[in-house]
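Let me begin by presenting the structure, written as structure tokens, before commenting on it.
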Amino acid sequence: MFTKETYIQRRAELKKLVGEGIIVLFGNNDAPCNYPANCYAPMRQDSSFLYYFGQHRDGLVGVIDIDNDEEMLFGDDIDVEDIVWMGFTPSVADLAAEVGVSKTAPMAELTSYIKHQTSKIHFLPPYRFDTKIQIMDLFGIHPSQQKEKASLSLIKAVVKMRATKSAEEIAYIEAACDVGYVMHTTAQLLIKPDVTERFVAGQVDGIARSLAQGNSFATIFSQHGEIMHGNPSDAKLEDGRLVLCDAGCELNDYCSDHTRTMPVNGKFTQRQLEIYSIVEACHDYVLEVAKPGVKYMDVHFAVCRMMTDRLKVLGLMKGDTEEAVRAGAHAMFLPHGLGHMMGMDVHDMEGLGQIYVGFDEETRPNLEQFGTNCLRMGRKLEEGFVVTDEPGIYFIPALIDEWKASGHCKEFLNFDKLETYKDFGGIRIEDDVLITKDGCRFLGSKRIPYHPKDVEDFMAR
């Protein structure tokens, strides 16, 4: 938690930005895994509730009455039976006092409180079914209409505030990145032929749970790096193949997110090195061009042009680079965006609507073109933004077959040569970037090895 004054200031700023009405911020509840008493643990609190009310306990709702300058925390105190099983938990009044809220009430009183209001009610788009039911009970809005009925002024205010990270928040993200370093370097030392994907991923997850609050997302660890979200399997790591590890942690409620791609036997082949070096160059190029005032969409396409130029040298692409990128031919190799916002959520605030988080009035998404439609972050960068830098090159057999059969972008792609890469897999390199006053920098006190020689030397330890 931050200081009490931090939460008081945040709520005061939120009141100014929204202007009028009553803001209702729903905390999360325990979620049963396979029967009511066996819940997913630890409970993950809603990030926006955490940002303004700071408490991790389940079963809380924060209310900010802008018109009457009043704040309340609704929730039920635990009883003796709960204490027997769960131990002592502070009262709702004590939790409220820790974040500068003076008024509290049992959850049963929330319904009557809302029903007696005549002011406009603001709530954020819900993503959990229990919250959707609660909203339906309180406001009479069916779950199918809640996303549409969510408050746009509240969404924009929350995005504005959470997008720019304070020095304290940046320090927390740096600490999470330092745990990410341990996670990824542990994986690099464990990777050997005949070790299973599941074993290495399990060790990575254990570090996240031992040194932090846990994973910021489900660990991706697979020899099929061409699958964007490849889950670890029982498959044994094979000599001569590449393996991709995309993993991060949450620490002090803030995230890290890194990706590395390694040769299973500790040595890149020449063909692997040729592709890897392109991704490496694209990854590093972001540090040269990302800065305040520059659209991240422009950074994305600058990377796509560099990638296209270098793939042309290898004979995998051909033709005019600008025309190829305009046609989306590069998406054969990079079917996702360069990165996304990161903070309390690994895809920060994505649940509020990507069009409000990653775009602005000047920069709008292109939802029609394959690849570009997956660009999560396109807006102008500002000092204090934290974004991921994660270029990749993937050889997806089904995509190669489909585009070859239809002739899509055939003037820019060498399908005969692409056929010889169907067994290659995929490569991604990812780090977390802070936009500074004059440019940007990677976050974390240590850099997970990613330059080819550094990777090989580290894996040889």
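The values are calculated or read from the model by the stated rules, or taken from the named source; none is laboratory data. Keep in mind the model is a prediction, meaning the values are calculated, not measured. No Cβ is skipped: glycine too gets one built from the backbone with ideal geometry, and neighbour counts run over all protein chains shown. Surface accessibility is based on the protein's heavy atoms, side chains included, excluding ligands, DNA and RNA. Shrake-Rupley method; radii C 1.70, N 1.55, O 1.52, S 1.80 Å.
Divided by 2.2 N^0.38 Å, where N counts the residues, the Cα radius of gyration of region 50-127 comes to 1.18. Share of carbon and sulfur in the accessible area of region 182-262 stands at 53%, probe radius 1.4 Å.
When the Debye formula is applied to the Cα atoms of the chain, each taken as the same point scatterer, what base-10 log of I(q)/I(0) results at q = 0.10, 0.11, 0.12 Å⁻¹? The Cα Debye sum returns log10 ratios of -0.80, -0.94, -1.08. For a distance above 11 Å, tell me the whole-number percent of Cα pairs in region 8-57 that qualify. Cα-Cα pairs of region 8-57 separated by over 11 Å account for 72 percent. Using only the C-alpha atoms, the convex hull of region 131-199 corresponds to 179 Å³ per residue. For the residue pairs Lys4/Lys147; Lys16/Lys103; Lys165/Lys291; Lys132/Lys156; Lys160/Lys437, alpha carbon separations beyond 25 Å are given by Lys4/Lys147.
Based on DSSP H segments of at least four residues, each scored -39500 (n - 2.57), the chain has a per-residue ellipticity at 222 nm of -12000 deg cm²/dmol. Post the alpha-carbon centroid distance, region 135-159 to region 17-49, in whole angstrom. Region 135-159 and region 17-49 have Cα centres separated by 15 Å.
Between the helical axis of 4-18 and the longest alpha-carbon principal axis of the chain there is an angle of about 90 degrees. Annotation: amide H of Ile121 within the under-5 Å range of Ile22, sequence separation 5 or more or interchain, hydrogens built in the peptide plane. Once divided by 2.2 N^0.38 Å, the Cα radius of gyration of region 311-454 becomes 1.18.
Taking a temperature of 37 °C and a viscosity of 0.692 mPa s, what whole-number D in µm²/s does Stokes-Einstein yield for region 224-303 with Rh from Kirkwood over alpha carbon pairs? Once the numbers are plugged in, D ends up at 216 µm²/s. If the label point is 7 Å along Cα→Cβ of Lys149, which residues in region 93-122 have backbone nitrogen under 17 Å from it? Answer for this model: 111-122. Nonpolar atom fraction for region 31-116, defined as the carbon and sulfur part of the 1.4 Å probe accessible area, stands at 55 percent. Based on Cα contacts under 8 Å between residues 6+ apart, the chain shows a relative contact order of 14 percent. Computed from the Cβ-Cβ distance with R0 of 35 Å, the FRET efficiency linking Asn373 to Ala235 stands at 0.65.
Ordered from largest to smallest accessible area (heavy atoms of protein chains, 1.4 Å probe), the residues Glu402, Glu350 come out as Glu402, Glu350.
Over region 226-340, accessible surface divided per residue gives 35 Å², non-protein components excluded, 1.4 Å probe.
Near Thr104, the amide H atoms lying under 5 Å from its own belong to Leu73; only residues 5 or more places off or on other chains count, and H is placed 1.01 Å from N.
Between Leu211 and Lys192, the modelled labels are 2.1 nm apart [label points 7 Å from Cα along Cα→Cβ]. The convex hull around the C-alpha trace of region 174-279, projected and averaged over every direction, spans 6.2 square nanometres. Average accessible surface for region 357-399: 39 Å² per residue, computed with a 1.4 Å probe over protein heavy atoms with every protein chain in place.
Which lysines does Lys417 reach when only Cα atoms under 21 Å apart count, and residues fewer than 8 places away in its own chain are ignored? Within reach: Lys312, Lys318, Lys404. Both the radius of gyration and Dmax for region 39-196 are 19.8, 66 Å, in that order, over alpha-carbon atoms. Amide H contacts of Cys39 (H built 1.01 Å from N, in plane; Pro and chain starts excluded): Cys33 sit under 5 Å, all sequence-distant by 5 or more or on other chains.
Estimated from the Cβ-Cβ distance and a Förster radius of 22 angstrom, the FRET efficiency linking Ala171 and His451 is about 0.25. Rolled with a 1.4 Å probe across the full set of protein chains, the surface gives Arg447 an accessible area near 80 Å². Note on Asp416 and Ala97: the model spin-label points, each 7 Å out from Cα along the C-beta direction, lie 8.0 nm apart.
The simple spin-label model puts a point 7 Å past each Cα toward its Cβ; for Glu382 and Tyr35 those points are separated by 5.0 nm. Full extension of the segment from Val289 to Met107, taken as 0.36 nm per residue of separation minus the current Cα-Cα distance, would add 60.5 nm.
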